[in-house]
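In what follows, a structure is listed as structure tokens, so that the remarks can point back to it.
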Amino acid sequence: MHRQMCWLSKSGSDGEKILHLQTSLGQPWRPYTAFPQFSVPDYQIPGGSKGWATYQKLLKAGWTLVHSARANEFSSTYTESTVEN
């Protein structure tokens with residue numbers, strides 16, 4: 001199975017980045033919260049990164065981290081237009 005993760009902004013290229021996942025080639029990047037089967041609750045740390053606990057879990061499980069510049073080459077319009085958190 002194709003399993004990649006990436007830190008992408010919730011609102012375009014600037015702003016707070018949250019963990020996004022991609023489970024199939026050609027599929028859009030989606031926030032980790034859209035995958036309850038993979039995500040775990042965030043750490044209760046003020047100012048902590050959204051998705052850090054999930055990132056640690058998935059990294060140990062063999063998921064690949066993709067640089068955000070590379071991920072944006074393929075789906076920047078999707079993340080900018082559909083993420084509303």
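Could you please find all residues in the stretch 26-49 being open to solvent by 50 Å² or more (accessible area, probe 1.4 Å), in a loop (DSSP other than H, G, I, E, B), under 20 Å from His67 (Cβ atoms) and not hydroxyl-bearing (Ser, Thr, Tyr)? Break it down into steps so the answer makes sense when it comes.
Looking only at the stretch 26-49, we keep the residues that are open to solvent by 50 Å² or more (accessible area, probe 1.4 Å), and these are 26-27, 30, 33, 36-37, 41, 43-47, 49.
Still in the running and in a loop (DSSP other than H, G, I, E, B): 26-27, 36-37, 41, 43-47, 49.
So of that shortlist, the ones also under 20 Å from His67 (Cβ atoms) come out as 26-27, 49.
Selection gives Gly26, Gln27.
Return yes or no: is Ala71 touching a Cys at 6+ places or on another chain (Cβ under 6 Å) and either open to solvent by less than 50 Å² (accessible area, probe 1.4 Å) or at pLDDT below 90 (or both)?
Values: touching a Cys at 6+ places or on another chain (Cβ under 6 Å): yes; either open to solvent by less than 50 Å² (accessible area, probe 1.4 Å) or at pLDDT below 90 (or both): yes.
Yes, satisfied.
Quickly run through the stretch 50-67 and pick out the residues that are more than 10 Å from Met5 (Cβ to Cβ) and either open to solvent by less than 40 Å² (accessible area, probe 1.4 Å) or in contact with a helix residue (DSSP H, G or I) (Cβ under 6 Å, 6 or more places away or on another chain) (or both).
Across the stretch 50-67, the qualifying residue is only Ala53.
Quick check: anything in the stretch 9-32 among the basic types (Lys, Arg) and in contact (Cβ under 8 Å) with a residue 24 or more places away in the chain?
Quick first cut of the stretch 9-32, residues among the basic types (Lys, Arg) only: 10, 17, 30.
Next, from what is left, pick out any that are in contact (Cβ under 8 Å) with a residue 24 or more places away in the chain: 10, 17.
Checking the stretch 9-32: at least one residue is among the basic types (Lys, Arg) and in contact (Cβ under 8 Å) with a residue 24 or more places away in the chain.
The values are calculated or read from the model by the stated rules, or taken from the named source; none is laboratory data. These numbers come from a predicted model, not from an experiment. Virtual Cβ from ideal backbone geometry, glycine too; neighbours counted across all protein chains shown. These accessible areas exclude ligands, DNA and RNA; they are computed on the full protein's heavy atoms, side chains included. Shrake-Rupley method; radii C 1.70, N 1.55, O 1.52, S 1.80 Å.
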